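Accompanying notes for the structure given below.
Just so it is clear, none of the values below were taken in a lab; they were calculated from the coordinates. It should be emphasised that the depicted structure is a prediction, and the values quoted were computed from it without experimental measurement. Here the Cβ positions follow ideal geometry from the backbone for every residue, glycine too, while neighbour counts run over all protein chains shown.
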Number of protein chains: 2
Amino acid sequence: MQLTLEQVRKQFQECGLKFTSQRYAIYRALAGSKEHPSVEDLYSTVKKAHPTLSMNTVYNTLESLQAIGIASEISLWHDKARFDANQAPHHHLVCLRCKKIEDLYDDTLDSLALSPKAKQRYRIIGHRIEFHGYCSDCKAKINKHKKRR
Amino acid sequence: MQLTLEQVRKQFQECGLKFTSQRYAIYRALAGSKEHPSVEDLYSTVKKAHPTLSMNTVYNTLESLQAIGIASEISLWHDKARFDANQAPHHHLVCLRCKKIEDLYDDTLDSLALSPKAKQRYRIIGHRIEFHGYCSDCKAKINKHKKRR
DNA sequence: TCCTATTTAGTAATAATTACTATTTACCAT
DNA sequence: ATGGTAAATAGTAATTATTACTAAATAGGA
C-alpha cells in the first residue's frame, strides 16, 4: 500500500525536509518491494531511472524516510554482530535511544502458536521477540527534554 | 549460568574441534557478560589475559561456539541494513539457510501483553517477532540432503 | 614424545557505512 | 516568475566490520 506522490511530498514538507525526485524514487522502490531491500538493492533499482544517483543519497533518504515515519529499518542491530551464550528461551528489550539490549524472561511469550498457513510456509525452529522502547535511563532523559521546551 | 571448563571441553571435543585456552576464555567472557557483546567487546576483554589474541580468533571462536550450540548470534541480519516501507503491524519469517525474510501478518501476535515488571523497566513502543526456520525451498533441499547419506 | 591437522596471529583484502566538499536544487520571499 | 539561500546531491575519500590468506604454534591422538 504505497503512499501517493502528494502524500509523500506532504510528509516531507511537514517535517521541514525538501521533497526531491530522488527521495520519491527511493521511497517507491522500497514500498514496491517485498524483499526488505538493502541500501545496495535500492541503489541498483533506482539508478536505472536516476543514473547519477549516489549511495550517499540512498543512505540519506532512508534516514529521512525513517524520520518522517514512512519507513523503518528492520535490522535494528545491523551495525555489528552481537552474541549471547544464554541458550535458555528468552526475548529482548531494545532501547531505541541508547541501543542497549536487555534480556526478558517471560514463559508466556516462549510458546506462541503460529497460524496453520504460516506453518505450511515455514518449518519453524524457534522465535524471538524484540520489544522496542526506551530504557529507564533514556525514559527519564526524554521526559526532561520534553518539559524543557 | 556458565558451563564449567570440563563441560566446554567436552562440547568441543564431541564435535571434533580442539579445545584451546583462547576458546575457553572467549566463552567465559561471553557467558559472563549481560551486554550481548560484539566481537570487538570480547576481543578487548579477553586481550587482557591473552595479549597476543587476534580478532580472527574471536571471529573463529564465535563460529565454533555457535556450531556446537553453546552460543548464538542475536543480530541475525547484521551483515547489511534492511528496510521496510510497510508500517502496518507485522512480523517476520527468517530463513536460516537462505536468509530470506518474509512478512507474516497475524493479528493475534500484534497484541502481546508484557508483564508488569517489564513495563516498569521499559516504555515499550512496539514489538516485532522473528520466527526462525526454513522456507519451503530450503526445507526441501535439507530433506534431500538428509536422505542422500 | 612425536606427528599432523587444526588453530592462532598477523597482515592484507573486501564490503558496508560514514565523512567531506563542491555543485546543484527546492522552495520561500520578493 | 525570479532570485537567494539553506538543504540535498554526487562524487570521492576515510573509516569500520568482516573475510581471506599464510606462516608459526599447538592440541591431542599414535
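Of note:
- Considered as a group, the residues in segment B:70-97 that are within 16 Å of DNA strand C (Cβ to nearest atom) and more than 7 Å from chain A (Cβ to nearest Cβ) include one that is nearest to A:I125 (Cα to Cα), and that residue is B:L76.
- Condition met for A:D41 (within 12 Å of DNA strand C (Cβ to nearest atom) and within 14 Å of the chain's Cα centre (by Cα)): no
- Answer from B:E102, B:E73 - the residue that is surrounded by fewer than 20 Cβ atoms within 10 Å (Cβ to Cβ) and within 14 Å of DNA strand D (Cβ to nearest atom): B:E73
- Residue in segment B:129-143 that is more than 7 Å from chain A (Cβ to nearest Cβ) and β-branched (V, I, T) present: yes
- Residue, farthest from DNA strand C (Cβ to nearest atom), within segment B:2-32, restricted to residues that are at the interface with chain A (Cβ under 8 Å from one of its Cβ atoms) and out of contact with any Gly (no Cβ under 7 Å at 6 or more places or on another chain): B:A31
- The set of residues in segment A:51-64 being within 11 Å of DNA strand C (Cβ to nearest atom) and either farther than 14 Å from B:D84 by Cβ or among the basic types (K, R) (or both) consists of A:T52, A:S54, A:M55, A:N56, A:T57, A:V58, A:Y59, A:N60, A:E63.
- The set of residues from segment B:80-90 being in contact with a helix residue (DSSP H, G or I) (Cβ under 8 Å, 6 or more places away or on another chain) and outside any loop (DSSP other than H, G, I, E, B) comprises B:F83, B:D84.
- Scope segment B:35-64; condition within 11 Å of DNA strand D (Cβ to nearest atom), out of contact with any Lys or Arg (no Cβ under 9 Å at 6 or more places or on another chain) and among the aliphatic types (A, V, I, L, M); matching residues: B:L42, B:M55, B:V58, B:L62
- Residue that is farthest from the chain's Cα centre (by Cα), among those in segment B:98-113 that are within 7 Å of another protein chain (Cβ to nearest Cβ) and not in a strand (DSSP E or B): B:D106
- The number of residues in segment A:73-93 that are farther than 20 Å from B:E40 by Cα and of a type in the set (A, V, I, L, M) comes to 3.
- Taking the conditions (1) within 13 Å of DNA strand C (Cβ to nearest atom); (2) closer than 30 Å to B:R128 by Cβ in turn, B:K48 satisfies each one other than (2).
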